[in-house]
Amino acid sequence: MAAWRGSRSGGDGLQSVEHISSSRTVRLGKVQPQAPGHRTVFCNDRDANALAKFKGNSVSTTKYDVFTFLPKGLFEQFRRVANLYFLMISILSCTPVSPVSPITNVLPLTLVLLVSLIKEAWEDWKRFQNDMAINNSTIEVLQDQKWVLTPWKKLQVGDIVKVKQDGFFPADLLFLASTNPDGICYIETANLDGETNLKIRKALEKTWDYVTPEKVCEFKGEVQCEQPNNSLYTFTGNLIINKQTLPLSPNQLLLRGCSLRNTDYIVGAVIFTGHETKVMMNSMKIPSKRSTLEKKLDKLILTLFCVLFCMCLLGAIGSGVFINRKYYYLRFDKSEKQFDPDNRFVVAILTFFTLITLYSPIIPISLYVSVEMIKFIQSTQFINNDLSMYHAESNTPALARTSNLNEELGQVEYIFSDKTGTLTRNLMEFFKCSIGGEVYGTGVSEIEMGTAQRTGAKIETQKQSNTAREKGFNFDDARLMRGAWRNEPNPEACKEFFKCLAICHTVLPEGDESPEKIRYQAASPDESALVTAAKNFGFFFYKRSPTTIYVRESHVEKMGKVQDVPYEILNVLEFNSTRKRQSVVCRYPDGRLVLYCKGADTVIYERLVDGDNELKRITREHLEQFGASGLRTLCLAYRNLSSDVYESWNEKYIQAKSSLRDREKKLDEVAELIEKELILIGCTAIEDKLQEGVPACIETLSRAGIKIWVLTGDKMETAINIAYACKLINNSMKQFIISSETDAVREIEDRGDQVELARFMKELVKNELKRCNEEAQQYLLSVPRSKLALVIDGKCLMYALDPSLRVMLLNLSMNCSAVVCCRVSPLQKAQVTSLVRKGANRITLSIGDGANDVSMIQAAHVGVGISGQEGMQAVMASDFAIAQFRFLTDLLLVHGRWSYHRICKVVTYFFYKNLTFTLTQFWFTFQTGFSGQRLYDDWFQSLYNVIFTALPVIIIGLFDKDVSATLSKQYPELYKEGIRNAFFKWRVVATWAFFAIYQSLVLYYFVVASSNRAINSSGKMFGLWDVSTMAFTCVVVTVNLRLLMMCNTITRWHHISVGGSILAWFVFVFIYSGVILPKEQENIYLVIYVLMSTFYFYFALILVPVAALFCDFVYLGVQRWFFP
Amino acid sequence: MEMDGGSASAPAGIEADSVSVRQGRSKIIYQFTQQNLPACKPVLSPAWVISIFFVVGVIFIPVGIVSLHASQTVVEIVYRYDAECVPESFRSNKLAYIKDSSIPKNCTKSLKIPKDMKAPIYIYYQLDNYYQNHRRYVKSRNDQQLLHGLKYHDTGSCAPEDVNHGLPIVPCGLIAWSLFNDTYSFYRGIDELKVNRKNIAWESDREHKFGKQVYPFNFQNGSLIGGASLDPNIPLSDQEDLIVWMRTSALPTFRKLYGRIEEDLDADDIISIKLLNNYNTYSFSGSKKLVLSTSSWLGGHNNFLGLAYISVGASFILIAFVFMLLHVKNPRPYGDTTNLSWNWKSMSG
């Protein structure tokens, strides 16, 4: 099944996007379009379903099959411009216009295509094998009152299946019954979103009994549900049994790809099969990112096309002028259009095409294949296997999910980082709390320690708390522990506080029901930290059933008394990023109805009941205080409900819940109705510790000229303090703070006029930006230049991102070396990222770990996911995944930098070698009456790119290192070269072009000039092919030696490949000139033997490459000397 | 797929770490993946650069001198005769002269030998502005036919000189058709100098490219006569003039070997040359030259190689001196970072 999981992983990225975008559309108030009509499924009735013609359950993820492979695969290949160009050249070379035989162009093209096709075929074959394995795995299906093992592919819509523990769901199932009491089951959705915590699914009460085959046979239901779609977290439908209509929710849907846990087996009805399952509908290709270097490469190729065009035009005009009947021995006449002296225009045009075919090697055909291969090896072998990026604790290596962007890593200028889980560990520890206006908890957070160090004050390192420290709980205050809270001024509030912690959550307990052994499965570590805290306070949540939460309460009525209290959970209003809160309606055993709510302070404060402003003020102060210590805060509140209010609300709720359209939106609206008039209890503060090595990493990166922006959903104080703690901001920096938390804003907020608020905010932001820009200018002019930092919060950002203010924001932020954006939504994260990406045209990198970072990761040039804590959604959307933030140093400064250097070298070298080669041919054209006679033999030309010069350049793409890994980390300034794109500028290309021109002139004219007399004592003369072989030998030797010169490190592989290439040429020419090929002109026949019998050959062979490389030598020497 | 591959291979990498000492192969893989392959790092330090330049220069200059010397020992006489051999009356219309086959083409000129010339003295003819490397010309031959004769029919590439009067032409093609047909004979006083016309083509051509059983057929029978005709009784492999001519030249100015004088010539000898000025270079204003040349171990009179060696060697030494001066005046210790790119960039902007 592991392979199966792998094959799926490619597609999972989208699902998270989908999720985000759906929540985005909800916020914007748009209605999501849904497929019209419903699907009706008759459970356990194959005949009835046959009419509907649902698709089968077999899946195919292959791109090709046996018949379509060749046409489709070739089509894919020819979508690349370079390949198409060479196809056209090949076709041209089959016409009489061509000076070269078709082999010249067909052979390299064939080789390139062959390599690509083999790769495609191999990948597709693996996919096919995966598909087969999946399609043939078996599942128990109900047939004739028995469970029968059936392969997955035979499964049909409406079938009743039985899935055993740890088994995978073969299709999207409607959950009917499970062996667990209360019809619940636990599923793991690691294949869908990478989250390993268990999730509860609950069957409808009516179907609980259908566990045994005998019983299930009687089940005849009709499911009406939406058409297959790709939204993983929504499902609306109705189950009709015995004329009763029951609403279905995602809670009853078991998605294909998930697996069953902690449950013996479940019974379900198949609703969506095969490609119609939600997971398959999601498995679309992630739109692949292309690196900027590659885009620039396209421009280079385009330039080469222009050069080619000019060269051909020149040659064509020349041929039109040259052609003349006076060269009687050439017999120009009307028999051949191309040599018709009466129509010079046609001659020129035809010669133009001749020359295009002749000069076609100027476009390096093997460049793309080689670069792809190099990048692939770089990412799979180097990045994935780097031990310095291997996190031993979590057994997570770095992972390059795409090999396209390696060199992009070497050019990053802006890093956008999430805070939670990225800079911090995302190991939440309950640290402090404020109950009824009283602060509890004596710990000193890391951030506070950092602050203390900053201000110079010394705080004695606190002794480790004496209480048994537990993961998620780092709280020490005797006033609350072991029932001591009863003696506090406000014991009632304490009790509510603890109950809220123990009840209002979606955590699942796992393992033994004892405080020591229990493990909490939570969607977020905050939740489990809070529940753990409740446990430590004596409110031990130990068991959950779909309708009830069991809490073992100590010291409630009197000290030392322990009692188990079941709370009936009536409704759970779940957390999402729009609501930023979570509520539970529960009924006490004594019938009291309470709504417990916890959430972000802003949303809770909006919904508090009027009055008791003192408590609100104090708690707000505490919140700010906690925030300043870098703690994450949540507000807790409750509301007593009368049964009338509840009942009337519950009706609306059920209505909303069973609606088929816009269910989520309606549920949110209904939730608003009851989440009001809350009574504030207090707030919690959770510490999220910084990851190891983060400050050092950030310091290194900023020395490397990378600007780091922190985008976080936290409060401004928290964000600033985190920024201080990780050395992003220091005291010497001039800070600009643009905040919406001013009294003026609050005043207008209180008036509640949204329009006015918006207008005011816009003005405010505009003025602030203006002011900051002016100040920034002053600071930049002043000496010494102090660094600038900008802090802005989400609300202001919303207005600042307005098109009219965007430019100002950009200007300001470009001048700042650090930017902190707090209170930002995922959408804003993406907006900020693309602002810099598009507006400033710089290379951006986003790093994050959670689902809320997905949009930002996809918006940036390079997306990096932190693999580890908060699920895998970010990783699935990312291009690279690392386990810890600090590995970013290695990824960027070592791998990125190397890759960038290497790829630049490879590309420029390709450019150089083909230009040199083609130019020698070009110079020759001038001396052949512009006829387009080829200088080199067909085979020489066709193998030049694919054999004689192919391997060494790949070696350099893999092994070249200018400085060692340690040095490049030690001197991060080296990285700036990449940011400036110092190795692939037009100036660099021009330098190479200059050398190519120089070398080709030397190569051509030296050989020609030295060979126009008798070349040995027998007085015999060389012919055209002798000269051409001589020239080609010199070209091969020169080009290969030039490669050796550009290496920074030389391993023996360099020697082997360079030597091998030159040797390959000699071996080839020995064989080639020794055989007679039928139907060919034997131009080269025995030529090399003639050549090698002369002294001249060896003299020239030493002279020409050295003379050709003379300039390069001088250039390198000068460069090393003055600009190393 | 990628993910599994990644997670599976990383532990392998770790393992390789621990067992690398034992297993050479896994050690290489480990070094490869960790990018720690043993490598030497050529540091182009000033001392190195200077010494490399010196060494190259020191090697090249003697080689250059040797080859220049070899070239200088060669005595070469170049004599252009195309204009002089046209009778006065035809000077204004050389084309009419060369095209009129009724006019005798004899021409006798005399030459003074400037220096002693040791046998063998090679006789070349040199043509200018003659595009033997034109695409139409180069491809207008058929190597199979040259080797196998009439047995080989597919001679399309020879057009328009492939078929005449419905019969194939051997050897076909424009190259053969335009065979050079001036002839020379040399007299010292009244003695005719013996000219050896054998072994003027490369042996490989004679042996392997031109058939021993292939005889000229239907050659120069068309209405247009391009050049020399061939004796139909001599096989192609023995028609050395043709073989030499068929080895097309690389440049539009070229020399081809005509024969050898196997007697020494002394300085101030007067040689009279009787030549038949048959070949038409007048229509495209090309020149014809007769070249007499001795040879050295490095071939004919060509100073280029020697001069190139010397000048390249000299430039290397010159640059070495320049570098050395710079180095002495403005030394830069190894590891000095003041000139590193980020520094000078920030200084400039």
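Each value in this text was obtained by applying a stated rule to the coordinates, not by laboratory testing. Just so it is clear, the structure is predicted and the values come from calculations on it, not from any experiment. Cβ atoms come from the backbone with ideal geometry, glycine included; neighbour counts cover every protein chain shown.
Of all stretches in chain A that contain no GluC sites (Glu not before Pro) in a DSSP loop with at most 10 other Cβ atoms within 10 Å, the longest one is A:558-1124.
Here the Karplus curve 6.51 cos²θ - 1.76 cosθ + 1.60, taken at θ = phi - 60°, turns the phi angles of the stretch A:669-685 into couplings of 5, 5, 4, 4, 5, 9, 7, 8, 6, 7, 10, 6, 9, x, 9, 10, 10 Hz, with x standing for Gly and Pro. Sorting B:D238, A:D714 from the fewest to the most surrounding beta carbons within 10 angstrom yields B:D238, A:D714. Taking the Cα centre of each part, how many Å lie between the stretch A:969-999 and the stretch B:113-134? Cα centres, the stretch A:969-999 to the stretch B:113-134: 50 Å.
State the extension gain, in nm to one decimal, for the chain segment bounded by A:F376 and A:E123, taking 0.36 nm per residue of separation less the distance between their alpha-carbons.
89.7 nm
Report the percentage of all Cα-Cα pairs in the stretch B:21-134 whose separation exceeds 24 Å, rounded to a whole percent. So the pairs more than 24 Å apart make up 68 percent of the total in the stretch B:21-134.
Which whole-number percent gives the relative contact order of the stretch A:758-860, counting Cα pairs below 8 Å spaced six or more residues apart? Worked out over the stretch A:758-860, it gives 25 percent. With q set to 0.08, 0.13, 0.16 Å⁻¹, the log10 of I(q)/I(0) for the stretch B:75-294, from the Debye formula over equal scatterers at the Cα positions, is -0.31, -0.80, -1.15. When peptides B:256-268, A:1064-1076 are ranked by their average number of other Cβ atoms within 10 Å per residue, the highest-first order is B:256-268, A:1064-1076. Exposure proxy for A:K707, A:K206: other Cβ atoms within 10 Å of each Cβ, ordered fewest to most, give A:K206, A:K707. So which lysines pass the test for A:K616, namely a Cα distance under 23 Å, with those fewer than 8 places away in the same chain ruled out? Correct list for A:K616: A:K432, A:K495, A:K499, A:K580, A:K598, A:K676, A:K715, A:K795. Database remark: amide H of A:F736 closer than 5 angstrom to the amide H of A:A789, A:L790, A:V791 (H placed geometrically; neighbours at sequence offset of 5 or more, or on other chains; Pro and chain starts carry no H). If you take all other residues with their beta carbon under 14 Å from the beta carbon of A:E513, and give Lys and Arg +1 and Asp and Glu -1, the sum is +2.
Computed over chain A, the P(r) curve from all C-alpha pair distances, binned at 10 Å from the origin, holds 2, 9, 15, 18, 17, 14, 10, 7, 5, 2, 1, 0, 0 percent per bin. Inter-chain Cβ neighbour count for B:246-259, averaged per residue, equals 5 (cutoff 10 Å, partner chain atoms only). Counting alpha carbon pairs within less than 8 Å and at least 6 residues apart, what relative contact order, in whole percent, applies to the stretch A:155-282? Averaging sequence separation for qualifying contacts and normalising by length gives 45 percent for the stretch A:155-282. Extending 7 Å from the Cα toward the beta-carbon at both B:V78 and A:S782 defines two label points whose distance is 7.8 nm. Scanning chain B for cysteines with no neighbouring cysteine C-beta under 4.7 angstrom from their C-beta gives B:C40.
Would you calculate, for chain A, the mean residue ellipticity at 222 nm contributed by helices, counting each DSSP H stretch of 4 or more residues as -39,500 (n - 2.57) and dividing by all residues, to the nearest 500?
Dividing the helical sum by the residues of chain A leaves -14000 deg cm²/dmol.
Sorting A:M876, A:M808 by the number of Cβ atoms found within 10 Å of their own Cβ, with the fewest placed first, yields A:M808, A:M876.
Amide H to amide H distances under 5 Å link A:F473 with A:F430, where only residues 5 or more positions off or on other chains count and H is placed in the peptide plane. Shielding of peptide A:372-380 by partners, expressed as the average count of other chain Cβ atoms within 10 Å per residue Cβ, is 1. Cross-link list A:K63/A:K162; A:K334/B:K139; A:K295/A:K969; A:K278/A:K829; A:K543/A:K689; B:K112/B:K288: which exceed 26 angstrom alpha carbon to alpha carbon? Where the Cα-Cα span goes over 26 Å, the pairs concerned are A:K63/A:K162; A:K295/A:K969; A:K278/A:K829; A:K543/A:K689. Over chain B, DSSP H runs of length four or greater, each weighted -39,500 (n - 2.57), average out per residue to a 222 nm ellipticity of -10500 deg cm²/dmol. Per residue, the average separation of C-alpha pairs within less than 8 Å and at least 6 apart gives chain A a relative contact order of 12 percent. For B:K118, a cut-off of 20 angstrom between C-alpha atoms picks up these aspartates and glutamates, skipping any fewer than 8 places away in its own chain: B:E76, B:D191, B:E192, B:E262, B:E263, B:D264, B:D266, B:D268, B:D269. In this structure, the amide hydrogen of A:L246, modeled 1.01 Å from its nitrogen in the peptide plane, lies closer than 5 angstrom to those of A:L239, A:I240, A:I241, counting only residues at least 5 positions away or on a different chain.
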